[in-house]
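Novice: After the structure tokens below, expect a handful of questions from me.
Values quoted throughout were computed directly from the atomic coordinates according to the rules given, and no laboratory measurement underlies them. Just so it is clear, the structure is predicted and the values come from calculations on it, not from any experiment. So basically every Cβ, Gly included, is an ideal-geometry build from the backbone, and we count neighbours across all protein chains shown.
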Amino acid sequence: MKEKVDSLDEWAVWEVFSQLEWGKPHEHCGSLHAPDAEIALQNARDVYARRFSVKSLWVVPANAITATRQEDGESFFDPQDEKIYRHPSFYKLPKGVRNI
Amino acid sequence: MDMKMSEETRRTLFEYLLRLGDDQLVMAQRLSEWCGMGPILEEDLALTNIALDCTGQAEMMLGLAGEVEGQGRSGDDLAFLRDEDEFRNLQLLEMPRGHFGDTIVRQFLYDAFAWIYFGKLRESGFQPLADIAAKVLKEVTYHLRHSREWLIRLGDGTEQSHYKVQKSLDTQWVYTGELFFTDEVDAHLLALKWVPDMAEVQPLWDDLVTQTLLEATLRRPVEPVFLPMEARLGRHSEYLGHMLANMQILARSHPGASW
């Protein structure tokens, strides 16, 4: 038997990603509280997937996400759009491949 | 829809559909009492979503009951204009919702039954029943996943959650005998191969419940000694009348109102 939990505040925050069509990327749709992964999935289903036709759901513990800091600002995000040769945009995609 | 059948079949099928529909309707009403009261927002949504599923199922079943009866009564008429002694739901489902653990135990005991029962009802020789069963099974599969996972977490959770949910189980266990109630209504429809044999449903339910209780570290109560077995015939606990008063007052105060 596990240790007594004093408060619901101890439930972790999970970020939810849903995929609306097969092959499309999973997109962030919100967050929720849950005590573990299975319940997080069930909650995600009830909170975010009930009104749309969702193909797949991911739940990720919010504390597993490493994010940039606001002060990273320009040095980190300086756009390189004047140097188009740096972008992988010159490949021919095979026929039939969509969603890339 | 082809509703040609003997008078006896019509009468028994109507009765049988009331049993199915009233189970869903009463459960929906009890679950909807959690709306705005859930232990956390996410669970509040889950319970009311399940309540909505059950309402939809009741609508299908009572709607079909009205068609089978052929007296012009709609599903709504059957839901809102019948009195307590005309309801055919299980006693397990009409008991007060209690605390979250009570609700989870009740849901699990019923969902386990429903998952097995509706799986078999898909094979019904009466097509409208088979169609309803296929739709219900999809929803019940999720309901069972929800209540089963929660039961395991509450049972194998903290000392307090274990104690409370074991008590819920011990209290509600006596009503489970009625899940497998059968009488001449079942016998008649079973002979037509329109409905599942409860004698086949019971051992499967037993296995599923036993295995889940083991996972939840809960003690399986001894066989029910007190079998009410009367609710299917319209004799209910004192709780149903109060619940129906609450549920029916609007429809009865404003007959035929729509919005």
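Novice: Which ³J(HN,Hα) values, rounded to whole Hz and listed in residue order, are derived for the stretch A:65-74 from phi using the Karplus coefficients 6.51, -1.76 and 1.60 in 6.51 cos²θ - 1.76 cosθ + 1.60 with θ = phi - 60°, glycine and proline given as x?
Specialist: With the stated coefficients, the stretch A:65-74 comes to 8, 9, 10, 6, 9, 4, 6, 4, x, 4 Hz.
Novice: Something else: Looking only at other chains, what is the average number of their beta-carbon atoms within 10 angstrom of each beta-carbon in B:47-59?
Specialist: Mean partner-chain Cβ count within 10 Å for B:47-59: 1.
Novice: A further question on this structure: List, in order, the whole-Hz ³J(HN,Hα) value for each residue of the stretch B:210-217 obtained from phi through the Karplus relation with A = 6.51, B = -1.76, C = 1.60 and θ = phi - 60°; use x for Gly and Pro.
Specialist: 4, 5, 5, 4, 4, 4, 8, 6
Novice: Beta carbons within 10 angstrom, averaged per residue: use that to sort the peptides B:53-63, B:180-190, B:162-172, A:63-73, highest first.
Specialist: So the order, starting with the most tightly packed, is B:53-63, B:162-172, B:180-190, A:63-73.
Novice: To continue, here is another question. In terms of Cα to Cα distance under 20 Å, which lysines are near enough to B:Lys120, apart from those fewer than 8 places away along the same chain?
Specialist: B:Lys135, B:Lys138, B:Lys193
Novice: Something else about it: What is the percent of Cα-Cα separations in the stretch A:24-100 that go past 13 Å?
Specialist: Of all Cα-Cα pairs in the stretch A:24-100, 78 percent lie more than 13 Å apart.
Novice: Continuing with this model, one more query. What are the extents of the Cα atoms of the stretch B:1-86 along their three principal axes, in Å, largest first?
Specialist: Principal extents (largest minus smallest coordinate, Cα): 51, 26, 17 Å.
Novice: Please compute, for peptide B:139-145, the average count of beta-carbon atoms on other protein chains lying within 10 Å of each residue's beta-carbon.
Specialist: Counting other chains' Cβ atoms within 10 Å and averaging over B:139-145 gives 1.
Novice: While we're looking at this one, here's another question. Non-local amide H neighbours of A:Cys29 (under 5 Å, H modeled in plane, Pro and chain starts lacking H): which ones?
Specialist: Here the answer is A:Val16, A:Phe17, A:Ser18, since their amide H atoms fall under 5 Å of that of A:Cys29.
Novice: Normalized C-alpha radius of gyration of the protein assembly as shown, against 2.2 N^0.38 Å?
Specialist: Taking N as the residue count of the protein assembly as shown, the ratio is 1.21.
Novice: Can you give the Rg to Rh ratio of chain B, both from alpha-carbon atoms, with Rh computed by the Kirkwood formula? Mind dumping the intermediate values first?
Specialist: On the way: Rg = 18.0 Å, Rh = 18.8 Å.
We get a ratio of 0.96 for chain B.
Novice: What are the ³J(HN,Hα) values, in whole Hz, obtained from phi via the Karplus relation 6.51 cos²θ - 1.76 cosθ + 1.60 with θ = phi - 60°, for each residue of the stretch A:20-26 in sequence order, with x given for Gly and Pro?
Specialist: Result, ordered by residue: 8, 9, 4, x, 7, x, 6 Hz.
Novice: To continue, here is another question. Could you tell me which chymotrypsin sites (Phe, Trp or Tyr not before Pro) in the stretch A:12-94 are loop residues by DSSP with no more than 12 other beta carbons within 10 angstrom of their beta carbon?
Specialist: Details: sites: A:Trp14, A:Phe17, A:Trp22, A:Tyr48, A:Phe52, A:Trp58, A:Phe76, A:Phe77, A:Tyr85, A:Phe90, A:Tyr91; in loops: A:Trp22, A:Phe52, A:Phe90, A:Tyr91.
Hits after loop and neighbour filter: A:Trp22, A:Phe52, A:Phe90, A:Tyr91.
Novice: Taking only C-alpha pairs under 8 Å that are 6+ residues apart, what is the relative contact order of chain B in percent?
Specialist: Values: 338 pairs, mean separation 60.9, N = 259.
Averaging sequence separation for qualifying contacts and normalising by length gives 24 percent for chain B.
Novice: In whole Å, what is the distance between the alpha-carbon centres of the stretch A:44-75 and the stretch B:173-228?
Specialist: Distance between centres, Cα-based: 43 Å.
Novice: Next question. What lysines sit close enough to B:Lys167 to cross-link, taking a C-alpha to C-alpha distance under 22 Å and skipping anything fewer than 8 places away on the same chain?
Specialist: By straight Cα distance, B:Lys167 reaches A:Lys2, A:Lys4.
Novice: Something else: If the elastic network links every pair of Cα atoms under 10 Å, which of B:Glu43, B:Glu159, B:Glu123 fluctuates the most in the Gaussian network model of chain B?
Specialist: Comparing B:Glu43, B:Glu159, B:Glu123 in a Gaussian network model of chain B, the most mobile one is B:Glu159.
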